[in-house]
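To keep things clear, I will list the structure first and then write my remarks on it.
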Amino acid sequence: MFDLTTRDIMYLPGVGPQRAAVLNKELSIYSLHDLLYYFPYKYVDRSRLYHVVDIDGNMPYIQLKGEILSFETFGEGRQRRLVAHFSDGTGVIDLVWFQGIKYLLTRYKLHTEYIVFGKPTIFNGRINVAHPDIDPVNELVLTNMGMQPYYNTTERMKKGGLNSHAIEKLTKNLLAFLKEPVPETLPQWLVEKHHLMSLDEALRNIHYPVNPDLLRKAQYRLKFEELFYVQLNILRYSKDRQRKYRGFVFERVGEIFNTFYSKNLPFPLTNAQKRVIKEIRKDMGSGRQMNRLLQGDVGSGKTLVALMCILIALDNKFQACLMAPTEILATQHYETIKAFLKDLPVRVELLTGSVKGKKREEILAGLTLGKVDLLIGTHAVLEDTVTFASLGMVIIDEQHRFGVAQRAKMWSKNVCPPHVLVMTATPIPRTLAMTMYGDLDVSVIDELPPGRKPIQTIHQFDNRRASMYDFIRKQIEAGRQIYIVYPLIQESEKMDIKNLEEGYEHICEEFPQYKVSKVHGKMKPAEKDAEMQRFVSGETKIMVATTVIEVGVNVPNASVMVIENAERFGLSQLHQLRGRVGRGADQSYCILVTGYKLTEETRKRLEIMVRSNDGFEIAEADLKLRGPGDLEGTQQSGIAFDLKIANLARDGQLLQLVRDVAQAIVNDDPEEKRPENAVLWNQLRALRKTNVNWAAIS
Ligand code: ADP
Ligand code: MG
């Protein structure tokens, strides 16, 4: 059997140089293999006919046999549309087009039998099918149509005639062209053990399912394989890494840690904090490099855990570095940690972009000489001029703002990579964490410090502003502070600043008796900090801001978070923002303000926010609503591959299964020598050479 990956798509009957160029550019289809793995996104059963009387607006796709009674056009210019009144004898529906009206009028004849196929909707009380597929009755044999595949195509492709139908013809040509079966890519024993369909059968059924049952089996087989190789890759190469990188052994818990624990700690640790610190200590003492993800909802007390781990490093005569995504956050960590440490003999320095000149040189020299014990900073700590005498522990806060590359960069700051602890308040669902971070161990703080009152969340339409302002006024009179957040969308930053400015003016007018702070991303760090400081100190009562305050900031006296245009935020982001309040002992509130017109999805998102305070539940819901590709933060945090068929939100169980299977294989065949696994190791090597950026996930 020839290698499909090396066969240019251009030579497939029906393609040619022009279409090949479009397929290359629009869908990254270069070879026969690429087309074979371009799967339909849905299938429609085209073997049955419906009757007009039976149709309502909720049906997915319908097929009717009948004739066009008359044509009518409505509207002018861009609004112009053509309506064909279509009947099958049981009733009449409207077929509607917004484009190509002239052509359509010549193409379709009155009183001729057609088969019409499309999605029904209700418009002005009548059933409409917009842009239907229409074929003359004698050109379709319905019993042969079976399940029809639908392929995604782009607007540009449709213009060039490469719509779903055209792709369908190409895949048909391709499958007919494959005389021999496509070679199996999983070992025979594995296929048998898990009752999988063969690869050849699966590929044929994924494009042209014989029936729904075989389609399901084909999907299962292809998902299994896809997730299996992702997991095998992660496990196989993380084993390599563990062998290659020995870690520093932090064997003792010494004076600094103990003094801190017995004297400085202002409150007892929660059980979850204790458990997590134990897990981390064990890891750092094991002799292998730690690579751990610490998840904990907003306000769960991750900073303190980080600090205590840092103290263990210091007790073992190593330096530590804590990296935060923004200047505000780094500064706040610096101050919190200084306050926690009090007069313990630990030298802490803050390094951000705005630390310059002599101060900067002093810090850099102190690091090189080993006189600075703990460096806290922003991206600035990654620069090459920052060198440590003996860096042993790195903590990265709010991971979703940093990428894999930055993580790797910190590894290179010592001859032997330091232990790495990545902290995130975006609770990444387990299935996703397993796949994104693969080799990262995960610790979870699943408990909030005692005494917190759950935040009350309210959804408010923006025409009810007056009562909201009354509420805010009462809260301020009771001594509380208020956040008002505006969305920020990068494409139109100017617009957003305008929104924010208008909002700010409006708030100043509405609350003349109080001082108002304003913070946005375009301000200079020093200005931003000064404004933030005015709010922290209580001088200003209201903080009007963009999402720059999203992460980490801690003002326990703030009790109301108003989010304007809440429909423009993702769920995880709303949850993060909400986490800025509810940090003190008072009842806190989050008010989500939107207009009346909301999509179904937005409505669901807001409902979840109102109902739940649980970050994990929200992250799961987010994943289900939007799919993992969109999950905030995953872009930058290194999900380095596209899944063609599996879905991390829905295939969690399968993911767990294949991970176990892959783990067993890595354990049983460490030398990769067993003949029965040859197929599998070859396939893994082949995959590492191709499309996916595997290096980034291993
Ligand atoms: P996050 O996990 O969101 O980073 P922080 O570390 O900022 O949370 O902690 C939130 C607040 O809870 C801080 O004011 C911190 O001092 C406080 N805190 C942390 N641990 C405890 C504890 N065990 N008991 C009481 N308060 C705590
Ligand atoms: Mg934090």
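Filter segment 48-58 down to residues that are outside any helix (DSSP H, G or I) and surrounded by 13 or more Cβ atoms within 10 Å (Cβ to Cβ) and give me whichever is nearest to the chain's Cα centre (by Cα).
The initial filter retains those residues of segment 48-58 that are outside any helix (DSSP H, G or I), namely 48-51, 55-58.
Filter once more, keeping what is surrounded by 13 or more Cβ atoms within 10 Å (Cβ to Cβ): 49-51, 55.
Values: Leu49: 40, Tyr50: 40, His51: 43, Ile55: 38 Å.
So, considering only residues that are outside any helix (DSSP H, G or I) and surrounded by 13 or more Cβ atoms within 10 Å (Cβ to Cβ), the one nearest to the chain's Cα centre (by Cα) is Ile55.
Scan segment 1-39 for residues that are more than 35 Å from the chain's Cα centre (by Cα) and in a loop (DSSP other than H, G, I, E, B) and jot them down.
Of everything in segment 1-39, those that are more than 35 Å from the chain's Cα centre (by Cα) and in a loop (DSSP other than H, G, I, E, B) turn out to be Met1, Phe2, Leu12, Pro13, Gly14, Val15.
More than 16 Å from ligand 2 (Cβ to nearest atom) and at pLDDT 95 or above: which single residue out of Gln481, Gln406 fits that description? If you could, list the steps in order and put the result at the bottom.
Details: Gln406 fails: at pLDDT 95 or above.
One residue alone meets the criteria, Gln481.
Condition first: assigned to a loop (DSSP other than H, G, I, E, B) and either under 17 Å from Leu421 (Cα atoms) or hydroxyl-bearing (Ser, Thr, Tyr) (or both). Now tell me which residues in segment 317-344 satisfy that. Write out each step before concluding.
Pass one, segment 317-344, residues assigned to a loop (DSSP other than H, G, I, E, B): 317-318, 324-326, 342-344.
Residues satisfying the conditions are Phe318, Ala324, Pro325, Thr326.
Look through segment 526-565, keep the residues that are modelled with pLDDT under 90, in a loop (DSSP other than H, G, I, E, B) and open to solvent by less than 40 Å² (accessible area, probe 1.4 Å), and return whichever of them is nearest to ligand 2 (Cβ to nearest atom).
Gly552
For segment 605-627, enumerate the residues that are in a helix (DSSP H, G or I), open to solvent by 10 Å² or more (accessible area, probe 1.4 Å) and closer than 26 Å to Ile472 by Cα. It would help to see each step written out before you state the result.
Step one: of segment 605-627, the residues in a helix (DSSP H, G or I) are 605-611, 615-626.
Cutting the leftovers down to open to solvent by 10 Å² or more (accessible area, probe 1.4 Å) gives us 605, 607-608, 610-611, 616-617, 620-621, 624-626.
Across segment 605-627, the qualifying residues are Arg605, Glu607, Ile608, Val610, Arg611.
Scan segment 314-366 for residues that are over 10 Å from Gly377 (Cβ atoms), within 16 Å of ligand 1 (Cβ to nearest atom) and either of a type in the set (D, E, K, R) or open to solvent by 10 Å² or more (accessible area, probe 1.4 Å) (or both) and jot them down. Step through it out loud before you land on a result.
To start, the set of residues in segment 314-366 that are over 10 Å from Gly377 (Cβ atoms) comprises 314-320, 325-326, 328-329, 332, 335-348, 354, 356-362, 364-366.
If we keep only those that are within 16 Å of ligand 1 (Cβ to nearest atom) as well, we get 325-326, 328-329, 332, 335-342.
Listed by number, the residues that qualify are Pro325, Thr326, Ile328, Gln332, Glu335, Thr336, Lys338, Ala339, Phe340, Lys342.
Before we move on, is Ser70 part of a loop (DSSP other than H, G, I, E, B) and touching a residue at least 12 places away in the same chain (Cβ under 8 Å)?
Working: part of a loop (DSSP other than H, G, I, E, B): no; touching a residue at least 12 places away in the same chain (Cβ under 8 Å): yes.
Here the answer is no, as Ser70 does not meet what is asked.
List the number of the failed condition for Ser286; all other conditions in (1) modelled with pLDDT of 95 or more; (2) in contact with a Gly (Cβ under 8 Å, 6 or more places away or on another chain) hold.
Tallying (1) modelled with pLDDT of 95 or more; (2) in contact with a Gly (Cβ under 8 Å, 6 or more places away or on another chain), Ser286 fails exactly one: (1).
Would you pick out the residues in segment 286-310 that are more than 10 Å from ligand 2 (Cβ to nearest atom), out of contact with any helix residue (DSSP H, G or I) (no Cβ under 9 Å at 6 or more places or on another chain) and either under 13 Å from Asp446 (Cβ atoms) or not polar (S, T, N, Q) (or both)?
The one that is more than 10 Å from ligand 2 (Cβ to nearest atom), out of contact with any helix residue (DSSP H, G or I) (no Cβ under 9 Å at 6 or more places or on another chain) and either under 13 Å from Asp446 (Cβ atoms) or not polar (S, T, N, Q) (or both): Gly287.
Which one of these is in contact (Cβ under 8 Å) with a residue 12 or more places away in the chain and hydroxyl-bearing (Ser, Thr, Tyr): Tyr103, Tyr50? Steps first, please.
Working: Tyr103 fails: in contact (Cβ under 8 Å) with a residue 12 or more places away in the chain.
Criteria check complete, one pass: Tyr50.
Report, ordered by the first and then the second residue, all pairs with beta carbons closer than 6 Å, sequence separation of six or more or different chains, a first member in segment 276-299 that is in the same structural domain as Arg578 (by TED's automatic domain parsing), and a second member that is in a loop (DSSP other than H, G, I, E, B).
Going by the 6 Å Cβ cut-off, there are no qualifying pairs.
Name the residue that is nearest to Asp462 (Cα to Cα), counting only residues in segment 583-594 that are open to solvent by 20 Å² or more (accessible area, probe 1.4 Å) and away from ligand 1 (no atom under 16 Å from the Cβ).
Per the stated criteria, the residue is Tyr589.
Determine if segment 290-306 includes at least one residue that is away from ligand 1 (no atom under 15 Å from the Cβ) and open to solvent by 10 Å² or more (accessible area, probe 1.4 Å).
Looking through segment 290-306, at least one residue is away from ligand 1 (no atom under 15 Å from the Cβ) and open to solvent by 10 Å² or more (accessible area, probe 1.4 Å).
Taking Pro212 and the conditions (1) open to solvent by 20 Å² or more (accessible area, probe 1.4 Å); (2) away from ligand 1 (no atom under 16 Å from the Cβ); (3) out of contact with any strand residue (DSSP E or B) (no Cβ under 8 Å at 6 or more places or on another chain), which numbered condition does it fall short on, given that it satisfies the others?
Here Pro212 meets the rest and fails (3).
I'd like to verify a number: residues in segment 167-183 that are surrounded by 16 or more Cβ atoms within 10 Å (Cβ to Cβ) and either among the charged types (D, E, K, R) or within 32 Å of the chain's Cα centre (by Cα) (or both), how many?
Count: 3.
The values are calculated or read from the model by the stated rules, or taken from the named source; none is laboratory data. This structure is a prediction, so every number in the text was calculated from the model and none was measured. Cβ: placed from backbone, ideal geometry, glycine included. Neighbour counts: every protein chain shown. When the accessible area is computed, the model is the full protein with side chains, heavy atoms only, and any ligands, DNA or RNA have been set aside. Shrake-Rupley method; radii C 1.70, N 1.55, O 1.52, S 1.80 Å.
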